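Every number in this text was worked out from the coordinates using simple rules, so none of it is lab data. Since the model is a prediction, treat every value here as computed from it, not as a measurement. Every residue, glycine as well, gets a Cβ built from its backbone with ideal geometry; the counts of neighbours run over all protein chains shown.
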Amino acid sequence: MKLNANQINQIKAFVADKGIKYPDVQLEAIDHVASRVEELMTVDVQLTIDEAIGITNVEFGAAGFKIFEKGMSAALRKKNYKFFVATFLSCFNWRYLPGIALLLYVFDRIYLVVNEPSHLLITVNGLLAVVFLVFVIVQVRKFKKYDKLLTMRMGLRYNTALNFFIIFWSYMCIFKPYEAMNNSVAGIVFGLLLLLIVLLFISVNALNKAVIARCSELDEKYHLTRAL
């Protein structure tokens, strides 16, 4: 049987009392409970909505909703990881390999031509810091509306990975390991590290866009942010 608006509201109130932290996870729980209640009331037409909800509550068990929330967290983590890895690996498509090779060659040539490699690396480090700062500011403005959603929290973790490699580049500039390398080798090593940061930036940005799209879709369909 199809649940009416009042019955759906009862299910919403029931789920709200279960202490689920994130609105989008609450939505998934409501959908799950509603489907089970519909199933029970279809099998037994004499069953009331309260009785059906009670049966569903027993089926979940004492820690059922916390387990459900953990399961949603794990599912989102896995989904974001697969998307991120797939995007990153797609950057190595054969069509992009000439461009990657050209980037490495150009950086290596510049590194060899510049009299003071440290100046080049510090300049690149400054540019990376500015780009990342602008990136974070823009993303924070976009994410602010959805910052209470688990979907968004899981996506933002990959910004930390990008930040780690930028910090690693900074330390490479500070401790100057290139002084112990052949200039040609050092140029390739730093070129590869710069390429890695660029590809991570592309992958993180793609993931962030996908996460925002998912949050926007949920918000448009269920008006999640109006309840935050």
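Ignoring lysines fewer than eight residues from Lys144 along the same chain, the ones with Cα atoms less than 23 angstrom from its Cα are Lys21, Lys79, Lys209, Lys221. Among Phe168, Phe132, Phe88, the residue with the largest mean-square fluctuation in a Gaussian network model of the chain, with springs joining Cα atoms closer than 10 Å, is Phe168. At the listed q of 0.11, 0.18 Å⁻¹, the Debye profile of the stretch 1-129, built from one uniform point per Cα, gives log10 I(q)/I(0) equal to -0.61, -1.00. Over the residues of the chain, the helix contribution to mean residue ellipticity at 222 nm works out to -28000 deg cm²/dmol, using -39500 (n - 2.57) for each DSSP H run of at least 4.
Remark on the stretch 106-216: hydrodynamic radius 15.3 angstrom, per the Kirkwood mean of 1/r across alpha carbon pairs.
May I ask you to derive the FRET efficiency for Asp147 and Thr48 from their Cβ-Cβ distance with R0 = 35 Å, giving the value to the nearest 0.05?
Details: r = 39 Å, r/R0 = 1.11.
Here the calculated transfer efficiency is 0.35.
In degrees, nearest 10, range 0 to 90: what is the angle between the Cα axis of helix 23-43 and the longest Cα principal axis of the chain? Once rounded, the angle reads 30 degrees.
Normalising the average separation of contacting C-alpha pairs (under 8 angstrom, six or more residues apart) by the number of residues puts the relative contact order of the chain at 28 percent.
Between helix 5-16 and the chain, what is the angle of the helix's C-alpha long axis to the longest principal axis, kept within 0 to 90° and rounded to the nearest 10? With rounding to tens, the tilt is 60 degrees.
Considering the dipole of the chain built from charges on the beta carbon (Lys and Arg +1, Asp and Glu -1) around the Cα centre, which of Ile20, Asn80, Met181 is farthest to its positive end? So the residue we want is Met181. Charged neighbours of Val85, selected by a Cβ distance under 12 Å, balance to +3 (K, R count +1; D, E count -1).
What FRET efficiency would be calculated for the residue pair Leu102, Lys82, taking the C-beta separation as r and a Förster radius of 25 Å, to the nearest 0.05?
Working: r = 30 Å, r/R0 = 1.19.
For Leu102 and Lys82, the calculated efficiency is 0.25.
Our summary of shape: the Cα atoms of the chain have principal axis extents of 86, 33, 30 Å, ordered from largest down, in whole angstrom. Enter the angle in degrees (range 0 to 90, nearest 10) between the Cα long axis of helix 64-90 and the first principal axis of the Cα atoms of the chain, meaning the one along which they spread out most. Between the helix axis and the principal axis of the chain, the angle is about 30 degrees.
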